[in-house]
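Values in this text are rule-based calculations from the coordinates and carry no lab data. This one's a predicted model, so the numbers in the text were calculated from it and none came from an experiment. Every residue, glycine among them, receives a Cβ derived from its backbone with ideal geometry; neighbour counts consider all protein chains shown.
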Amino acid sequence: MADLKRKVVQFASAIIFNSYVKGFAKGTIYRGNLKQICLPVLNCYSCPGAIGSCPIGSLQAVAAGITYQFSFYVAGFLALVGLVGGRMVCGWLCPFGLVQDLLYRVPSFKRSLPLWTRCFKYAVLVFLVLLLPVLAFDQFGLGAPTFCKWLCPAGTLEAALPLAMANEGIRGALGGLFYWRFSWLLLILLFCIIFKRAFCLILCPLGAVYSLFNRISLFSIRLDQKLCTRCGRCVAACHLRLPEVAGLNHPECIRCLKCVKQCPTGAMNWQIEVSDKKEENIYA
Amino acid sequence: MVKTILRLALLGASLLSVVFGASRGEVQEVLQTAINLCLECIGIG
């Protein structure tokens, strides 16, 4: 039931965040004032339906421009979202997270990625999102959104493909960069059939930002040691086995709440709280 | 207690960051970027 609720929320947010239907029909993008506001998810602002800005794209675009090297507006917004829910956004709102969840349902052999692979996304955040757009610039002093250009599969899926299908001019202008991006997208999608949420774990710079807040966010998962029978169902429900190997509220927990749903005694639960409580671990 | 203080401090810093960014015109910069087609994002740039 918890997973059905999550799916409904994921589909609803994907539709709401990309509700400019005219854009899909005409092969154009929304140009209204709502795009002053960042969406809390990885959702390309050049998607024909996007009604808000992508925070990762905006961070790079501001850094790549001439006026500022860093966007306090976007960074503050991301910190606010992170403080409220940590990576809950990844689990419940992100359209590209939904795509990965759906792909993982495709029958195939399944494997788990080791937890250390998560380190790559911090390098992506620091180098491709924060540093290279500022440090690598052309003769006019302009940088490029390096992550968007070379590694973002959401841009290819949500923007390049729908625009190319609906707009002949764009279709004709696609070149080598598009073919690289398309191949990269296919590779990522294939990876996500075998490894659950592979992009979130290894590469997503937005996940990297939110992960920094997972242990201190207002939303958290708690365990009542008195009620816990150590049956291990929460561990089995988690694709990364986080309750066992890394503890509750680990930076990689996307708050899917499968562990809470599986707990037969109600020992595991979620809460929203400003004040402190002792952090508990299932094997503490 | 430490976590509560950290949360409140970060909350304050985040709000200040948003207000500071908005006050120096970053909102307009974000808008200008988002209403124009990102060539790099679609593979033309």
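Would you work out if the range A:2-211 is rounded, prolate or oblate? Take a ≥ b ≥ c from the square roots of the eigenvalues of the alpha-carbon gyration tensor; rounded if a/c is under 1.5, else prolate when a/b is larger than b/c, oblate otherwise. Can you show the working numbers first?
On the way: a/c = 1.30, a/b = 1.15, b/c = 1.13.
Rounded.
Can you work out ³J(HN,Hα) from phi for every residue in the range A:40-46, in order, using Karplus 6.51 cos²θ - 1.76 cosθ + 1.60 and θ = phi - 60°, giving whole Hz and x for Gly and Pro?
Karplus-based 3J(HN,Hα) across the range A:40-46 equals x, 10, 7, 9, 4, 6, 9 Hz.
With +1 assigned to the C-beta of every Lys and Arg and -1 to the C-beta of every Asp and Glu, and no other charges, what is the dipole magnitude of the protein assembly as shown about the Cα centre in debye, to the nearest 20? Write down the numbers at each step before the final one.
Working: 32 positive and 15 negative charges, 207 e Å.
Rounded to the nearest 20 debye, it is 1000 debye.
With a ≥ b ≥ c the root eigenvalues of the C-alpha gyration tensor of chain B, is it rounded (a/c under 1.5), prolate (a/b larger than b/c) or oblate?
Values: a/c = 6.65, a/b = 2.30, b/c = 2.89.
The shape class here is oblate.
Report the residue, chosen from A:Thr229, A:Thr28, A:Thr146, that carries the largest GNM mean-square fluctuation when chain A is represented by alpha-carbon nodes joined by springs under 10 Å.
Greatest mean-square fluctuation among the candidates belongs to A:Thr229.
Over chain A, what is the relative contact order in percent, taking alpha-carbon pairs closer than 8 angstrom and at least six residues apart?
Reported relative contact order: 23 percent.
For the range A:4-108, state which trypsin sites (Lys or Arg not before Pro) are in a DSSP loop and have at most 12 other beta carbons lying within 10 Å of their beta carbon.
Working: sites: A:Lys5, A:Arg6, A:Lys7, A:Lys22, A:Lys26, A:Arg31, A:Lys35, A:Arg87, A:Arg105; in loops: A:Arg31, A:Arg87, A:Arg105.
In loop regions of the range A:4-108 (DSSP not H, G, I, E or B), the sparsely surrounded trypsin sites (Lys or Arg not before Pro) are A:Arg105.
Determine the shielding of peptide A:124-133 by partner chains: average, over its residues, the number of Cβ atoms on other chains within 10 angstrom of each Cβ. Please list the in-between numbers first.
On the way: counts 0, 0, 0, 0, 0, 0, 0, 0, 0, 0.
Across A:124-133, the average partner-chain Cβ count within 10 Å equals 0.
Given A:Ile221, A:Cys231, A:Leu242, which one lies farthest toward the positive end of the charge dipole of the range A:219-272, if we put +1 on the Cβ of every Lys and Arg and -1 on the Cβ of every Asp and Glu?
Checking the options against the dipole of the range A:219-272, the answer is A:Cys231.
Express the relative contact order of the range A:122-212 as a whole percentage, based on alpha carbon pairs under 8 Å and six or more residues apart in sequence. If you can, show how the numbers build up before the last one.
Details: 59 pairs, mean separation 29.2, N = 91.
It rounds to 32 percent for the range A:122-212.
Net charge near A:Tyr45, counting Lys/Arg +1 and Asp/Glu -1 over other residues with Cβ under 11 Å of its Cβ? Please list the in-between numbers first.
Numbers: positive: A:Arg31, A:Lys35; negative: A:Glu158.
Cβ neighbours under 11 Å give a net charge of +1.
Count the net charge of all other residues whose Cβ sits under 11 Å from the Cβ of A:Ser58, scoring Lys and Arg as +1 and Asp and Glu as -1. List each step's numbers first, then the result.
Details: positive: A:Lys35; negative: B:Glu26, B:Glu29.
Charge balance in the 11 Å sphere: -1.
What list of ³J(HN,Hα) values in whole Hz, one per residue of the range A:88-95 in order, does the Karplus curve 6.51 cos²θ - 1.76 cosθ + 1.60 (θ = phi - 60°) give from phi, with Gly and Pro shown as x?
Once θ is set to phi - 60°, the couplings for the range A:88-95 become 4, 4, 4, x, 10, 10, 6, x Hz.
Which of the chymotrypsin sites (Phe, Trp or Tyr not before Pro) across the range A:76-126 are loop residues per DSSP, with 12 or fewer other Cβ within 10 Å?
Numbers: sites: A:Phe77, A:Trp92, A:Phe96, A:Tyr104, A:Phe109, A:Trp116, A:Phe120, A:Tyr122; in loops: A:Phe109.
In loop regions of the range A:76-126 (DSSP not H, G, I, E or B), the sparsely surrounded chymotrypsin sites (Phe, Trp or Tyr not before Pro) are A:Phe109.
Whole-Hz ³J(HN,Hα) for each residue in the range A:198-204, computed from phi via Karplus 6.51 cos²θ - 1.76 cosθ + 1.60 with θ = phi - 60°, x for glycine and proline: what do you get?
4, 5, 4, 6, 9, 10, 5
Taking beta carbons within 10 Å but only from partner chains, what does the mean come to for residues A:50-61? The partial results should precede the final answer.
Details: counts 1, 1, 2, 6, 5, 1, 0, 6, 6, 1, 3, 8.
If you average over the peptide's residues, the count of other-chain Cβ atoms is 3.
Please give me the summed charge of the neighbours of A:Tyr179: other residues whose Cβ is under 14 Å from its Cβ, Lys and Arg +1, Asp and Glu -1. The partial results should precede the final answer.
Working: positive: A:Lys149, A:Arg171, A:Arg181; negative: none.
So the surrounding residues net to +3.
Once Rh is set to the Kirkwood radius over Cα pairs, what Stokes-Einstein translational diffusion coefficient, in µm²/s, holds for the range A:219-272 at a temperature of 4 °C and a viscosity of 1.567 mPa s?
On the way: Rh = 10.9 Å.
Rounded to a whole number, D works out at 119 µm²/s.
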